[in-house]
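Reading through the structure tokens given below for one structure.
Please treat every number below as a calculation from the coordinates, not as lab data. Worth saying up front: this structure is predicted, and the values here are computed from it rather than measured. Please note: Cβ atoms are built from the backbone with ideal geometry, for glycine as well, and neighbour counts cover all protein chains shown.
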Amino acid sequence: MLPEPAPNPIAEITEPAIAEMVHAFYRKVRQDAVLGPVFNTTIAEAAWPAHLETMCRFWSAVMLTSGRYSGNPVAKHQAVTAIEHSMFDRWLALWQETASALFVAPIAAEFMLKATRIGASLQMAIFRRLPERAARQAQTVA
Ligand code: HEM
């Protein structure tokens, strides 16, 4: 179930709104039993401000087509050997929870749509096969 939206949900995608989303999301991620250990062992305490800044630029590029991010997320994730397929569902659940708590529903849905698409292509690149859910469905059909 989705959480109730905040009393005054954000109704416009701006740089400060993206920063709020990114910071709130990674606060949850770092405390999460499944995702926390992967992030906290890969990103040293002192490197978190830079990571959050990178993620703000990434989401600005995605949501506002600002061109503020340049990098290679596939290579970055390929290097994180502790990432498992099943973690993507958890990542997306926390993303959805955070977006729904901060934004009006259509904007939360837009954040979710982008993350789902990018997550699917990341999974294909990292694991060189279909995302887990699709693979499970394919097995059921076969
Ligand atoms: C299981 C899910 C995921 C895990 C465990 C994960 C983990 C990580 C970690 C540990 C890093 C830091 C890598 C480093 O600096 O060495 C990172 C970077 C990043 N992640 Fe993820 N990630 C996940 C899913 C996603 C998704 C779904 C997206 C996008 C929608 C995403 C976008 C990025 C980006 C843009 C970076 C920064 C790349 C750069 O430094 O240029 N990640 N991720």
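Points to keep in mind about this one:
- Residues of the stretch 51-79 satisfying the condition of being within 9 Å of the ligand (Cβ to nearest atom), more than 15 Å from residue 118 (Cβ to Cβ) and exposed (fewer than 15 other Cβ atoms within 10 Å of the Cβ): 70, 79
- Candidate set: the stretch 11-25, residues that are of a type in the set (Asp, Glu) and surrounded by 12 or more Cβ atoms within 10 Å (Cβ to Cβ); chosen: the one farthest from residue 100 (Cα to Cα): 15
- Of residues in the stretch 80-98 being more than 10 Å from the ligand (Cβ to nearest atom) and not small (Gly, Ala, Ser), the one nearest to residue 110 (Cα to Cα): 96
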